[in-house]
Amino acid sequence: MSRIRGVRDALRSNRTLRRLARNRAAVVSAAFLALLVVVAVLSPVLMPHDPGRQDLLSRLESPSGEHWLGTDSLGRDNFSRLIEGTRVTLWACLQAIALAVAIGIPTGLIAGFVGRKVDTVLSWVADILLSLPPLILALAIVGILGPGLTNAMVAVGVVFAPRFFRVARAAAYSVRNETYVEATRALGCSTSRILFRHVLPNSSGPLLVQLTFALGLVVTAEASLSFLGLGAKPPTATWGSMVRDAFNNVYDTTFPLIAPSLMIVLTILAFSALGDALRDALGRQSRVGD
Amino acid sequence: MARVLARRVLTSIPALLGVMLVALLLLELMPGDPAEIMAGENATPEAVQMIRDDLRLDDPLYERFSRYVGGVVTGDLGESPGSGIPVWDRISEALPVTLSLGGMALVLAVVVAIPAGTWAALRRDGLADRAVAAAAAVLQAVPPFVIGLGLVIFLAVERAWLPANGYVAFADDPYEWFRHLILPATALALSAAAELARQTRGAVVDVLEQDYIRAARAKGLRDRLVIGKHVAKNAATPVVTVLGLQVGRILGGAVVVELIFGMHGFGALALNAVVTRDIVLIQGVVLVSAIAVLIANLLVDLVYVYLNPRSRA
């Protein structure tokens with residue numbers, strides 16, 4: 001049984017992959033994101049300077065052979081900070097999305113599968129969280145926990161959890177009366193086994209699409225919070241905090257704004273293009289439980 | 001209309017109570033002693049105790065909740081501990097700025113997006129359609145603060161065509177009010193416009209395929225009437241939905257945009273509340289945002305009723 005499913009899954013994912021590979025925007029986006037991951041992993045080797053080392057005699061310098069992207073307001077090397085920022089930003093966003101998934105998916109599956117009062121209460125909580133503007137809710141949570149990158153990412157994770165809750169809930173709800181669920185139940189499977197071994201794999205399509213779009217939005221949220229000074233604390237660099245530093249000195253030089261802003265925009269664009277392509281490639285599958 | 005309004009107001013009460021409960025629970029989630037955190041680092045024990053008494057932290061949650069709800073009903077959102085300034089005073093002072101900003105952003109978004117989306121739909125798969133789709137995809141990916149920074153650099157810092165800072169009340173000088181708002185409103189409007197244009201295009205394409213449009217054309221109705229009357233009214237429903245969703249988004253975006261353009265509105269107040277860790281003000285900000293979103297939803301529902309007589313039943 002499991003072997004048959006394995007073969008079928010492989011075929012299906014191959015078909016999805018084949019469709020993805022034909023989509024030029026998706027290939028370019030995936031390549032760009034892969035490059036970011038490589039840069040993040042290899043960052044200690046790639047950085048030409050210590051990203052935290054200050055040199056107050058060479059503040060806000062223009063690009064040169066020594067400093068490819070110039071220096072920031074404390075004389076730190078912008079190119080090295082951009083590389084470090086790539087690592088810190090990606091890691092922070094992964095943490096936030098992991099938290100959102102860890103909260104949203106199990107609660108969503110339970111709400112959709114069990115129904116009744118559990119569903120009513122959990123859906124009420126999700127609706128309340130969704131009714132608030134995301135950035136305002138994130139700000140409120142940071143206000144409670146205090147500023148800092150980890151706390152900001154906890155806030156972002158909580159803000160995004162209801163989205164995964166909704167998708168998981170709809171998926172579980174749509175299959176809970178299917179024959180195969182009844183069959184596994186008759187075989188004596190526990191509810192958690194049914195949910196995580198049978199229902200979850202069957203809704204992986206819409207969840208994957210949601211995940212890709214959410215990653216782009218999380219990058220936006222991290223950048224916004226760090227720009228507001230509520231995320232990464234000095235000397236840690238993220239793209240958002242680099243934009244903030246450049247903004248503080250915008251009347252001296254505008255050049256340092258460009259690189260981190262570009263990284264933010266390109267990354268968001270890549271996730272959104274990949275999400276669109278993934279939804280198209282999965283076709284009907286991406287709408288299971290919608 | 002009045003029945004729909006009354007029903008919608010009643011059904012939003014549980015959501016509002018929920019938001020108030022979340023706002024109060026925020027305090028419970030604070031790591032450590034909220035009174036000590038709010039008093040600041042070098043506070044005397046008396047100052048901490050005063051804040052604790054102000055917030056009535058020693059009372060049980062349900063008592064604080066019922067008192068908070070009672071206060072909200074009478075327009076009292078509490079006072080900032082320490083300064084003693086009523087939270088509602090600070091919010092009502094800041095709201096006109098953000099209402100001007102958000103209102104202009106919404107108007108800009110509608111003025112740009114609806115013609116662009118309709119145009120793209122009428123030239124389906126043509127050059128215009130692809131150009132609008134590409135522009136919308138890019139603009140949707142650019143966060144408001146990046147657009148804001150770009151506008152500041154190109155139009156305010158390097159060329160000084162428009163002011164980069166501050167706000168002038170409409171009552172003081174309508175021309176300066178407009179000049180100060182146009183850049184920040186554009187920064188907020190563009191991503192909203194992108195989503196709105198996409199939605200408009202989709203809705204118009206769907207409606208154009210309907211039989212009643214073919215019938216209207218077949219009986220010789222001029223294009224202007226077909227588009228302006230039959231298409232517009234039927235395509236409006238999904239567009240209005242998306243327009244309503246932009247209110248929450250613009251409120252969030254205002255935090256960043258008001259920082260960039262040095263405006264002292266609701267967003268700046270929210271940021272200030274977080275930086276000074278003024279929990280009572282944060283609660284007020286959360287509640288007022290929720291009410292703003294609820295009002296937007298309410299207006300959307302009323303427009304539905306206007307557009308679709310069937311929903312009046």
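Here, each number is a calculation from the coordinates, and none is a lab measurement. As the structure is a prediction and not an experimental result, all values here were calculated from the model. Positions of Cβ are backbone-derived with ideal geometry, glycine not excepted, and every protein chain shown enters the neighbour counts.
Can you quote the Å³ per residue value for the convex hull of the Cα atoms in segment A:181-280, rounded to an integer?
That works out to 112 Å³ per residue.
Computed over neighbours whose Cβ is under 13 Å from that of B:LEU99, the net charge equals -2, Lys and Arg +1, Asp and Glu -1.
Of all lysines in the structure, not one lies under 17 Å Cα to Cα from A:LYS233 without also being fewer than 8 positions from it along the same chain. Our note on the geometry: Cα centres of segment A:12-47 and segment A:227-262, 26 Å apart.
Only four residue types carry charge here, +1 at the Cβ of Lys and Arg and -1 at the Cβ of Asp and Glu. Report the dipole size of segment B:179-276 about the Cα centre in Debye, rounded to the nearest 20.
Magnitude of the dipole: close to 520 debye.
For helix B:61-73, what angle does its Cα long axis make with the longest principal axis of chain B, in degrees from 0 to 90 and rounded to 10? Result, in degrees: 60.
Springs join every pair of Cα atoms under 10 Å in this Gaussian network model of chain B, and among B:GLY252, B:GLY267, B:GLY84 the largest mean-square fluctuation is at B:GLY84. Partner shielding of B:142-152 amounts to 6, given as the average count of beta-carbon atoms from other chains within 10 Å of each residue beta-carbon. Entry note, chain B: the mean residue ellipticity at 222 nm calculated from DSSP H runs of n ≥ 4, each adding -39500 (n - 2.57), is -24500 deg cm²/dmol after division by the residues and rounding to the nearest 500.
Mean partner shielding of peptide B:250-256, defined as the number of other chain Cβ atoms within 10 Å of each residue Cβ, is 5.
Cβ-to-Cβ counts within 10 Å put B:VAL142, B:VAL303 in ascending order as B:VAL303, B:VAL142, the fewest first.
Shown here for segment B:20-116: trypsin sites (Lys or Arg not before Pro) in loop regions (DSSP other than H, G, I, E, B) with at most 12 other Cβ atoms within 10 Å, namely B:ARG56. Between B:SER83, B:GLY117, B:LEU101, the Cα set farthest toward the positive side of the dipole of segment B:2-131 (charges on each charged residue's Cβ, about the Cα centre) is that of B:GLY117. Show me the helices of chain A, taken as full DSSP H stretches, that run 20 Å or more along their long axis by Cα and average -0.5 or above in Kyte-Doolittle hydropathy. Helices meeting the criterion: A:24-41, A:78-114, A:116-131, A:149-175, A:204-227, A:255-282.
Taking springs between alpha-carbon atoms closer than 10 angstrom, which of A:LEU57, A:LEU230, A:LEU74 fluctuates most in the Gaussian network model of chain A? Most flexible of the set in this elastic network: A:LEU57.
Across all directions, the average projected area of the convex hull around the alpha carbons of the protein assembly as shown is 33.6 nm². The modelled label-to-label distance between B:ILE291 and A:LEU56, using points 7 Å beyond Cα along the C-beta direction, is 4.9 nm. Histogrammed with a bin width of 20 Å, the alpha carbon distances of chain B distribute as 27, 49, 21, 3, 0 percent, first bin at zero.
A Förster radius of 35 Å, combined with the Cβ-Cβ distance separating A:ALA98 from B:GLU36, puts the computed FRET efficiency at roughly 0.65.
Taking every residue in B:278-289 and counting other chain Cβ atoms within 10 Å of its Cβ, the average works out to 3.
Once the Cα atoms are used to define both axes, helix B:45-55 deviates from the longest principal axis of chain B by about 50 degrees.
Could you work out which residue, out of B:ASN165, B:ASN42, B:ASN297, moves most in a Gaussian network model of chain B, that is, has the largest mean-square fluctuation with Cα springs under 10 Å? Greatest mean-square fluctuation among the candidates belongs to B:ASN42.
Once each of the chymotrypsin sites (Phe, Trp or Tyr not before Pro) sitting in a DSSP loop with at most 15 other beta-carbon atoms within 10 Å is removed, chain B keeps B:1-160 as its longest stretch.
The C-alpha atoms of chain B define a longest principal axis, and helix B:2-11 lies at about 50 degrees to it. In chain A, the C-alpha radius of gyration followed by the widest Cα-Cα span (Dmax) gives 22.0, 75 angstrom.
In the protein assembly as shown, a dipole from Cβ-located charges (positive for Lys and Arg, negative for Asp and Glu) runs towards its positive end, and of B:ILE279, B:GLN199, B:PHE154 it is B:GLN199 whose Cα lies farthest in that direction. Distance from the alpha carbon centroid of segment B:178-193 to that of segment B:20-36 works out to 35 angstrom. Model label sites at A:VAL37 and B:ASP53, defined 7 Å from Cα along the beta-carbon direction, differ in position by 5.9 nm.
Note down the net charge around A:THR107, summing +1 for each Lys or Arg and -1 for each Asp or Glu among other residues with Cβ under 15 Å from its Cβ. In short, +3.
Take the alpha carbon gyration tensor of segment B:54-97, find the square roots of its eigenvalues, order them as a ≥ b ≥ c, and report rounded if a/c is under 1.5; if not, report prolate when a/b exceeds b/c, else oblate.
Oblate.
Think of each Lys and Arg Cβ as +1 and each Asp and Glu Cβ as -1; about the Cα centre, that makes the dipole of the protein assembly as shown roughly 3800 debye. Shape analysis of segment A:9-102 based on the Cα gyration tensor places the equivalent ellipsoid semi-axes at 37, 16, 10 Å, largest first. State the answer as a single residue: which of A:PHE164, A:VAL154, A:GLY229 lies farthest towards the positive end of the charge dipole of segment A:140-253, with beta carbon charges of +1 for Lys and Arg and -1 for Asp and Glu, about the Cα centre. Positive-end residue among those listed: A:PHE164.
Around the Cα centre of segment B:91-182, unit charges on the Cβ atoms of Lys, Arg, Asp and Glu (plus for the first two, minus for the last two) sum to a dipole of about 420 debye.
According to the square roots a ≥ b ≥ c of the eigenvalues of the Cα gyration tensor, what is the shape class of segment A:78-151, taking rounded for a/c under 1.5, prolate for a/b larger than b/c otherwise, and oblate for the remainder? Prolate, since a/c reaches 1.5 and a/b exceeds b/c. Mind running the shape call on segment B:28-101? Use the C-alpha gyration tensor, a ≥ b ≥ c as the square roots of the eigenvalues: rounded below 1.5 for a/c, prolate if a/b tops b/c, oblate otherwise. In terms of gyration-tensor shape, oblate.
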